[in-house]
Amino acid sequence: MLKKAIESYQKGETRAEVVKEVERELFELYKDSDLKEKPEQLSKRGGAHYSDAACETISSIYNDKQNIMVVSTRNNGALPDLPDDVAVEVSSVMTAAGPKPIAFGKLNAAARGYLQLMKAMEELTIEAAVTGDYGAALQAFTINPLVPAGNIAKKLLDEMLIAHKDYLPQFKDSIEKIEKK
């Protein structure tokens, strides 16, 4: 798989480029209101069965099937070590009122700590994205266990802000300061 990925990359055929092209084709096909078959292109972009899962989720809620599915939903006590209002991906009973998460119970110390750390990183990332708060973004990068040190977190954040500045107007002031350095 790695060899094939490297060969594709060397030809300029990255996964992102392939998905972009497939998405373009799909949007053209979806313009046809008479389309009744699942387009073959869906199997090329990965996640070919997500549409099946999405349809089953909709059907389960609409028809109050009470079946169990793994979905992203509001915690509501499923993981008591996390706040009720955060999003979690857990087994849930699918009802006409929406998913009802199944309580998992308390986690052991290591799993609890890792989960809480990752959720805190997500919350800081969201706060930063909504407010443009550079400090919150830096905290999110700093507590990410994949980032080995604070100076690396700052370097990564600064590089990403500059690379994506056209899409991050909420960080305009921070980006201008970074670019002046």
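The values are calculated or read from the model by the stated rules, or taken from the named source; none is laboratory data. Quick caveat, the model's predicted, so the values are computed rather than measured. Backbone-built Cβ (ideal geometry, glycine too); neighbour counts: all protein chains shown.
Structural remarks
- Qualifying positions in the stretch 26-57 - charged (D, E, K, R) and either in contact with a Pro (Cβ under 8 Å, 6 or more places away or on another chain) or modelled with pLDDT under 90 (or both): LYS36, GLU37, LYS38, GLU40, LYS44, ARG45, ASP52
- Some residue of the stretch 59-76 being of a type in the set (Asp, Glu) and assigned to a loop (DSSP other than H, G, I, E, B): yes
- Hits in the stretch 84-107 - residues which are of a type outside the set (A, V, I, L, M), within 19 Å of the chain's Cα centre (by Cα) and in a loop (DSSP other than H, G, I, E, B): ASP85
- When TYR62, TYR9 are checked against the criterion of being over 30 Å from GLY113 (Cα atoms) and free of Cβ contacts under 8 Å to residues at least 12 places away in the same chain, TYR9 stands alone in meeting it.
- Whichever residue in the stretch 89-117 is among the aliphatic types (A, V, I, L, M) and within 10 Å of GLN66 (Cα to Cα) and, among such residues, is surrounded by the most Cβ atoms within 10 Å (Cβ to Cβ): MET94
- Residue within the stretch 129-140 that is of a type in the set (Phe, Trp, Tyr) and in contact with a Phe, Trp or Tyr (Cβ under 9 Å, 6 or more places away or on another chain) present: yes
- Where a residue in the stretch 139-150 is over 17 Å from GLN116 (Cβ atoms) and its partner, wherever it lies, is in a helix (DSSP H, G or I) and polar (S, T, N, Q), with Cβ under 6 Å and at least six apart: GLY150/THR142
- Contacts under 8 angstrom Cβ, first residue in the stretch 157-168 being assigned by TED's automatic domain parsing to the domain that holds THR125 and under 11 Å from TYR134 (Cα atoms), partner polar (S, T, N, Q) and surrounded by 11 or more Cβ atoms within 10 Å (Cβ to Cβ), 6 or more apart: LEU161/SER174
- Qualifying positions in the stretch 62-82 - within 19 Å of the chain's Cα centre (by Cα) and not aliphatic (A, V, I, L, M): SER72, THR73, ARG74, ASN75
- Flag for ALA109 being at pLDDT 95 or above and within 22 Å of ALA87 (Cβ to Cβ): no
- Residue in the stretch 66-85 that is over 28 Å from PRO169 (Cβ atoms), of a type in the set (S, T, N, Q), free of Cβ contacts under 8 Å to residues at least 40 places away in the same chain and in the same structural domain as GLU176 (by TED's automatic domain parsing) present: no
- Selection within the stretch 4-57 - under 20 Å from the mean Cα position of the chain (by Cα) and under 28 Å from ALA96 (Cβ atoms): GLY47, HIS49, TYR50, SER51, ASP52, ALA53, ALA54, CYS55, THR57
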